[in-house]
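Some notes on the structure that comes next.
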Amino acid sequence: MLELLRRFSGGFRRYFIIGPACKLLEVFFDLLTPLVIARMIDEGVGTHDAGLVLRYGALLIGMAVVGMCFTLVCQKMAALASQGMGTQIRSALFRRINEFSYAELDRFGTPSLITRITNDINQVQLAVALGVRQLIRWPFLAVGSMCAALLIDLKLGLVFLISTPLIGLVFWLVMARCVPYFKQMQAKLDRIGLITREGLSGMRVVRAFVREDHERERFRAAAYEQSAVAIAVGKLSSVLNPVTFLVMNLGVCAILWMGGIQVDTGVLTQGQVMAFVNYMTQTLLSIVYVANLVVVFTKASASASRVNDVLDCEPSITDDGNEPVTLPSASDVERGTAPAALRMDGACFAFGDAEVNTLDRVSLTLQLGQTLGVIGGTGSGKSTLVSLIPRLYDVRSGSVEVMGTDVRRWPLDQLRHVVGIVPQRASLLSGTIRSNLTWRDAKATDDELWAALAIAQAEDFVRKLPQGLDAPVEAGGKNFSGGQRQRLTIARALVGNPLLLILDDSASALDFKTDAALRRAIHQRSVEGAAGGALPLTTVIVSQRVSSVRDADLICVMSHGSVAGLGTHDELLASCPLYEEICLSQLKREELEGAGAATPGQAADKEAAE
Ligand SMILES: Nc1ncnc2c1ncn2[C@@H]1O[C@H](COP(=O)(O)OP(=O)(O)O)[C@@H](O)[C@H]1O
Ligand SMILES: [Mg+2]
């Protein structure tokens, strides 16, 4: 908590000074009030002087109004400080999360990050607001009341000296037990967040598979766990109020008892005894409020450390000090001196701290303008392999080079501009088609956007939309079909002229004809680019379909994270049994050996039959 305050309180110092200062003035008036009442009772009520009672009454109202003005100023300072700091912390957290590589995102998990940026920061904000408003108030009120009471009469003060530590002790015992529960509660809340998120985003699938009962049960269990902790805390703290009031009222009895005797003997006045009772109640109530503060601060400190964990987590993928990479020119390509577009050398990778490599010693080289096909079963590591190219993850050992430079030596912006990736899961953000297409190049012209859409085989359906490029896209692109979404994400990767295009199973929702047309258009673009003096487009196509990769210059067959075969279609047919097996499962024997691509119709029939 302190760490977070140190980091973010900078701009808010004046609120932290003015607020509590106003509060102190208010406390001063609060402490004065019982004394004024005592006078009112002794001088006014005692002597039946109505005029005096009214004057004292007016004084009390005046003091209350002035006190309230100070309170208002303090409230305002508290609001400014807590909301201001909350906003800054939230922005800093969001900025940090955006710097994270996939590895850190995997580590924290999205639901937990969401809870941290919402609920945890709320807790911190609450603590800051209460800190400004009350942290000073209650201790001062308690100590001030105690001093004032002792000044009135030392003997009655004994009641104070017994009852205050008694309540303090009870609170200490209870709070010490509650604190560990608060941390647990936060973790349970994370879990509820996770289940809610999964349940809501997967609602359609859940329905389709009639898993509602299962999901409901899962949620119920998580909610129950959270409530069990909350109830445990509730039970513990439920003793607090009765105990406080018991002690307080016994104290009042004692004071009235002992005070009554002293009034009789003329040592104290009635007003003084009343003031004493007032101070006593104020002190004990202060302890209750201090305990509340302790609760808020403990929760906030648990939350603050969760926020700090994120802020302190350095992104593992950074490009500090990397100089911009000089790209090869078209003449380099002509003279044959251009570096390989993509080179992997013994690349190994594992998620998190896993001991077993998800990718194991992958080595391959792809020249500029060539096409690499990556094929293999689900879970064989194809997506993981291509995610190393734009450096979404870093290799554990070995290296990945793009245009002859290790990806770790590229400035990330430049690398990700040169590499256009279409992730396996098409993701669109709410906005328009245009706003979704211009991610890689904010200044792309309409012509460029249409050209990209044309290559991605998306031109037709976008042209049919009444608003064309400005047609609205709903969150997650759910107003488009899976195939349309895929084509839009392909178009997005093509805007801004990438040199290396990665399609990660991006044609899975496209029919064979569209898939083939897409590959032809990409090839066309590469050839035209090269003819126009630009660098030819290099493509990596990840697919489970043989028909999508069979024409590639190089095919990489993945199996359990390792390369099971590397070569052209014909070479692999002869040398790689796994490849042959995949081919046989998808194509007829004669198609396999026949030159050129299978006719889309036949392959589609085959696929439909499976
Ligand atoms: N974020 C992740 N955290 C941990 N394991 C993962 C993650 N993503 C993928 N994996 C695992 O890595 C392996 C390869 O996954 P992936 O590259 O997505 O396969 P493919 O794309 O070939 O279907 C799988 O066993 C999968 O369970
Ligand atoms: Mg994949």
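The values are calculated or read from the model by the stated rules, or taken from the named source; none is laboratory data. Every value quoted in this text rests on a predicted model; they were computed, and no experiment measured them. Virtual Cβ from ideal backbone geometry, glycine too; neighbours counted across all protein chains shown. These area figures cover heavy atoms from the full protein model, side chains too; ligands, DNA and RNA do not enter into them. Shrake-Rupley method; radii C 1.70, N 1.55, O 1.52, S 1.80 Å.
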Out of curiosity, is Gly131 open to solvent by less than 30 Å² (accessible area, probe 1.4 Å) and closer than 29 Å to Gly19 by Cβ?
yes
Of the criteria (1) at pLDDT 90 or above; (2) part of a loop (DSSP other than H, G, I, E, B), which one His48 fails:
(1)
Of all residues in region 481-512, how many are within 16 Å of ligand 1 (Cβ to nearest atom) and on the phi > 0 side of the Ramachandran plot?
1
Identify, from the list Ala275, Ala340, the residue that is in contact (Cβ under 8 Å) with a residue 60 or more places away in the chain, more than 16 Å from ligand 2 (Cβ to nearest atom) and in the same structural domain as Gly157 (by TED's automatic domain parsing).
Ala275
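Go through Ala103, Ala176, Ala148 for me and flag whichever is in the same structural domain as Thr33 (by TED's automatic domain parsing) and open to solvent by less than 30 Å² (accessible area, probe 1.4 Å).
Ala148
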Exactly one of (1) open to solvent by 30 Å² or more (accessible area, probe 1.4 Å); (2) modelled with pLDDT of 90 or more is unmet by Asn292. Its number?
(2)
Suppose the filter is over 29 Å from the mean Cα position of the chain (by Cα) and within 24 Å of Thr538 (Cβ to Cβ); does Val400 pass it?
yes
Would you call Leu535 in contact with an Asp or Glu (Cβ under 7 Å, 6 or more places away or on another chain), surrounded by 17 or more Cβ atoms within 10 Å (Cβ to Cβ) and outside any strand (DSSP E or B)?
no
Any residue in region 442-454 that is small (Gly, Ala, Ser), assigned to a helix (DSSP H, G or I) and touching a residue at least 60 places away in the same chain (Cβ under 8 Å)?
yes
It is to be established whether one or more residues within region 205-213 are open to solvent by less than 50 Å² (accessible area, probe 1.4 Å), in a helix (DSSP H, G or I), farther than 21 Å from Asn292 by Cα and without any contact (Cβ under 8 Å) to a residue 40 or more places away in the chain.
yes
Scan region 499-510 for residues that are farther than 16 Å from Ile375 by Cα and open to solvent by less than 10 Å² (accessible area, probe 1.4 Å) and jot them down.
Leu500, Leu501, Leu510
Output for region 368-380, where each listed residue is over 16 Å from Asp551 (Cβ atoms) and either more than 6 Å from ligand 1 (Cβ to nearest atom) or surrounded by fewer than 24 Cβ atoms within 10 Å (Cβ to Cβ) (or both)
Leu368, Gly377, Thr378, Gly379, Ser380
Report whether or not Ile490 is assigned to a helix (DSSP H, G or I) and under 29 Å from Ala444 (Cα atoms).
yes
Which numbered condition in (1) away from ligand 1 (no atom under 16 Å from the Cβ); (2) open to solvent by 20 Å² or more (accessible area, probe 1.4 Å); (3) within 17 Å of Gln486 (Cα to Cα); (4) part of a strand (DSSP E or B) is the only one that Trp439 fails?
(4)
Restricting attention to region 37-58, and to residues there that are in contact with a helix residue (DSSP H, G or I) (Cβ under 6 Å, 6 or more places away or on another chain) and among the aliphatic types (A, V, I, L, M), which single residue is nearest to Ile136 (Cα to Cα)?
Ala38
Would you tally the residues in region 508-523 being part of a helix (DSSP H, G or I) and touching a residue at least 12 places away in the same chain (Cβ under 8 Å)?
11
List the residue pairs whose Cβ atoms are under 6 Å apart, where the first residue sits in region 299-327 and is surrounded by fewer than 12 Cβ atoms within 10 Å (Cβ to Cβ), the second is not in a loop (DSSP other than H, G, I, E, B), and the two are 6 or more positions apart or on different chains.
Pro324/Gln414
